[in-house]
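Trainee: Mind looking over this structure? Questions follow.
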Amino acid sequence: MRLSGYSGYMLRPLPDDDFDLASPDPAQPSIHMLVDDIMMKIYSHLPLKSLVMCEGVCRRWQTLLHWYLSKMTRLEISEESLGISPPFTKAIVSKLLTLCGPSLRSLKVQDVDFATRQNILQIVGQLCPHLEHLDVTKARGINFIHISRLAQGCKNIKGFVARNCIDFDEKALHHLLACYPQLEKLNVSGTAINGKNLSMLPTTLKELYFMGDVDEKAINRKIVLIADKCPNIEVLDTHCRMSKEDLEYLGKTCHNLAKLALVMPESDFTNALSNFKKLKELRLVVAVVDLAQVFTSLPQLRVVHVTVGDITSEEVDFSILKELKSLSLSATQLSQASLQSLARCSHLEAIYLFKCHPYGDFVLDLLKGCPKLKHVTCPYQQFSTSFVTKVDQIMKGRPGKVMIRVQGPKNLMLSTQYDRSKIEFHQTCTLTYLPTPLQI
């Protein structure tokens with residue numbers, strides 16, 4: 001079988017002399033005695049890098065593996081899935097897409113290095129006719145020419161991710177939106193897109209990620225335009241500067257918003273948040289904010305990321321957020337009583353404190369009060385043997401494992417005795433010049 005569009009790769013069966021074809025001894029247990037259905041079940045539990053290695057075992061394994069891969073609907077070609085460092089060559093990508101492409105519905109392929117010779121979008125368009133979701137993060141050559149070639153073969157793309165693709169520009173976005181008027185997800189963050197083609201956004205769009213520009217008046221018009229064009233949008237992550245009036249308009253127009261990331265230059269915007277009845281995740285960068293009023297307006301929040309210059313009050317009751325699962329606070333000075341209220345958030349799973357000074361037993365109180373807590377990052381918590389002993393005692397009485405990032409020497413963390421099946425310590429720092437999560 002020859003790869004369409006690439007004459008350098010062919011599928012060839014293994015020759016008979018490459019392996020032992022003798023019948024297995026029935027008295028000796030052998031994996032070759034397993035029926036095909038069992039082998040398929042085993043393959044379903046193996047990572048991609050192991051599946052690739054299985055192809056060279058014998059002809060039967062090769063045949064079964066090719067059949068298994070031909071039925072895959074999702075494929076991720078990444079450093080983690082393959083166990084090799086990117087960028088990935090066209091030989092690797094072409095082989096996998098030859099085997100999996102006809103049945104694929106979702107494909108993530110990143111850091112490919114053959115953009116100028118044979119573009120990834122052209123290969124995907126030739127080999128993945130039924131593809132619905134495509135992620136080409138950090139790929140080269142994602143431009144309007146190859147968008148058109150992709151559209152020739154892939155007619156049903158609903159989700160497109162071109163995050164950090166340096167060649168993706170407004171002309172490429174124009175072609176993409178023209179080719180796929182039923183698009184549901186678009187992620188072009190980290191590209192040269194600043195919003196000139198927002199008027200082409202389809203009404204079917206549910207997720208939109210883009211960085212925008214720093215022109216405050218232009219951005220305000222863009223937020224209104226997004227709201228008008230995409231009334232059913234559920235995720236809006238722009239990190240754009242937004243006025244109070246436009247935030248209010250967005251909330252009244254887009255009733256299904258569940259995730260919102262924004263930058264607020266004004267401080268008196270919190271009343272507008274009450275319009276977001278279905279909002280579950282809020283990422284907010286603001287100079288001054290009344291956190292108590294934010295949480296009162298949005299008690300249904302599950303994920304909260306706040307980077308703030310100043311707060312109007314140090315008193316905040318986090319227990320208002322009954323469904324809170326993840327919290328990130330940066331440059332926020334809160335009272336001890338406010339931080340203690342976090343221990344009453346029974347669904348809390350992860351917390352990140354940056355440039356924020358908690359009281360001495362803050363981490364211990366969290367572990368006692370939050371039975372689902374899995375991740376704690378607290379740079380101002382000092383690692384010590386007494387601290388470890390207390391954490392060890394708490395974890396003996398609760399299920400699961402917790403990862404804790406605190407300040408302290410790495411050699412001490414490695415040498416200190418504690419139950420590593422329940423606790424994992426990592427080193428962090430308090431360097432104030434490091435970016436906060438929303439600035440990365």
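The values are calculated or read from the model by the stated rules, or taken from the named source; none is laboratory data. These numbers were taken from a predicted model, which means no experiment stands behind them. Positions of Cβ are backbone-derived with ideal geometry, glycine not excepted, and every protein chain shown enters the neighbour counts. Quick note on the areas: whole protein, heavy atoms, side chains included, nothing else; ligands and nucleic acids left out. Shrake-Rupley method; radii C 1.70, N 1.55, O 1.52, S 1.80 Å.
Trainee: Got a number for residues in the range 398-412 being within 17 Å of residue 385 (Cα to Cα), open to solvent by less than 60 Å² (accessible area, probe 1.4 Å) and assigned to a loop (DSSP other than H, G, I, E, B)?
Mentor: Total satisfying the criteria: 1.
Trainee: Against the condition surrounded by 18 or more Cβ atoms within 10 Å (Cβ to Cβ) and not aliphatic (A, V, I, L, M), how does residue 244 come out, does it pass?
Mentor: Numbers: surrounded by 18 or more Cβ atoms within 10 Å (Cβ to Cβ): no; not aliphatic (A, V, I, L, M): yes.
No.
Trainee: A further question on this structure: Mind checking which residues of the range 161-185 are within 14 Å of the chain's Cα centre (by Cα) and of a type outside the set (Lys, Arg)?
Mentor: Filtering the range 161-185 down to residues within 14 Å of the chain's Cα centre (by Cα) leaves 161-164, 185.
Result: 161, 162, 164.
Trainee: Go through the residues of the range 192-208 one by one and say whether even a single one is on the phi < 0 side of the Ramachandran plot and touching a strand residue (DSSP E or B) at 6+ places or on another chain (Cβ under 6 Å).
Mentor: The first filter runs over the range 192-208 and keeps only residues on the phi < 0 side of the Ramachandran plot, leaving 192-194, 196-208.
The next check asks that each one be touching a strand residue (DSSP E or B) at 6+ places or on another chain (Cβ under 6 Å); those that pass are 207-208.
Yes, the conditions are met somewhere in the range 192-208.
Trainee: Related question: Residue check: is residue 150 in contact (Cβ under 8 Å) with a residue 12 or more places away in the chain, in contact with a Cys (Cβ under 6 Å, 6 or more places away or on another chain), open to solvent by less than 10 Å² (accessible area, probe 1.4 Å) and within 26 Å of residue 102 (Cα to Cα)? Walk me through how you get there before you give the answer.
Mentor: Values: in contact (Cβ under 8 Å) with a residue 12 or more places away in the chain: yes; in contact with a Cys (Cβ under 6 Å, 6 or more places away or on another chain): no; open to solvent by less than 10 Å² (accessible area, probe 1.4 Å): yes; within 26 Å of residue 102 (Cα to Cα): yes.
Taking the combined requirement at face value, the residue does not satisfy it.
Trainee: Within the range 83-97, track down each residue that is of a type in the set (Lys, Arg) and either modelled with pLDDT of 75 or more or farther than 23 Å from residue 124 by Cα (or both).
Mentor: Within the range 83-97, just 95 meets the criteria.
Trainee: Looking only at the range 317-326, filter to residues that are more than 15 Å from residue 354 (Cα to Cα) and not in a helix (DSSP H, G or I); which one of those is most open to solvent (accessible area, probe 1.4 Å)? Before the answer, list the steps.
Mentor: Let us first name the residues in the range 317-326 that are more than 15 Å from residue 354 (Cα to Cα), namely 317-325.
Those still in the list that are not in a helix (DSSP H, G or I) too: 317, 321-325.
Numbers: 317: 61, 321: 1, 322: 146, 323: 66, 324: 1, 325: 84 Å².
The selected residue is 322.
Trainee: Are any residues in the range 327-348 buried (at least 18 other Cβ atoms within 10 Å of the Cβ) and either on the phi > 0 side of the Ramachandran plot or outside any helix (DSSP H, G or I) (or both), and if so, which ones?
Mentor: Selection gives 327, 328, 329, 330, 332, 334, 345, 348.
Trainee: For the range 156-188, how many residues meet the condition of being open to solvent by 20 Å² or more (accessible area, probe 1.4 Å) and of a type in the set (Gly, Ala, Ser)?
Mentor: Residues meeting the conditions: 1.
Trainee: I've got another one for you. Need a quick list: helices (runs of 4 or more DSSP H) entirely within the range 1-82 having at least 3 residues that are open to solvent by 40 Å² or more (accessible area, probe 1.4 Å), over 27 Å from residue 123 (Cβ atoms) and modelled with pLDDT of 70 or more.
Mentor: Counting at least 3 such residues, we get 36-44.
Trainee: How do the pairs read when you match residues in the range 347-363 that are under 17 Å from residue 394 (Cβ atoms) with residues anywhere that are part of a loop (DSSP other than H, G, I, E, B) and open to solvent by 60 Å² or more (accessible area, probe 1.4 Å), using Cβ under 8 Å and keeping only pairs 6 or more apart or on different chains?
Mentor: Listed by first residue and then by second, the contacts come to 348/325; 348/372; 349/325; 349/372; 349/374.
For every residue, the table says whether it meets (1) in contact with a Gly (Cβ under 9 Å, 6 or more places away or on another chain); (2) closer than 14 Å to residue 332 by Cβ; (3) of a type in the set (Ser, Thr, Tyr); (4) not in a loop (DSSP other than H, G, I, E, B).
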| residue | (1), (2), (3), (4) |
| --- | --- |
| 357 | no, yes, no, no |
| 364 | no, no, no, yes |
| 367 | no, no, no, yes |
| 373 | yes, no, no, no |
| 378 | no, yes, no, yes |
| 388 | no, no, no, yes |
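Trainee: To continue, here is another question. Tell me, which residue of the range 252-277 that is small (Gly, Ala, Ser) and within 15 Å of residue 234 (Cβ to Cβ) is modelled with the highest pLDDT?
Mentor: 258
Trainee: If you don't mind, another one. I'd like to verify a number: residues in the range 384-395 that are crowded, with 18+ Cβ neighbours inside 10 Å and either touching an Asp or Glu at 6+ places or on another chain (Cβ under 7 Å) or polar (S, T, N, Q) (or both), how many?
Mentor: The total comes to 1.
Trainee: What number of residues within the range 249-273 satisfy the criterion of being open to solvent by 10 Å² or more (accessible area, probe 1.4 Å) and of a type in the set (Gly, Ala, Ser)?
Mentor: 2
Trainee: Further question: Out of all the residues in the range 367-383, which are more than 14 Å from residue 406 (Cα to Cα) and open to solvent by less than 30 Å² (accessible area, probe 1.4 Å)?
Mentor: Within the range 367-383, 367, 369, 370, 373 qualify.
Trainee: Ok, one more. Looking only at residues that are at pLDDT 85 or above and surrounded by fewer than 19 Cβ atoms within 10 Å (Cβ to Cβ) in the range 210-234, which one is farthest from residue 159 (Cα to Cα)?
Mentor: It comes out as 224.
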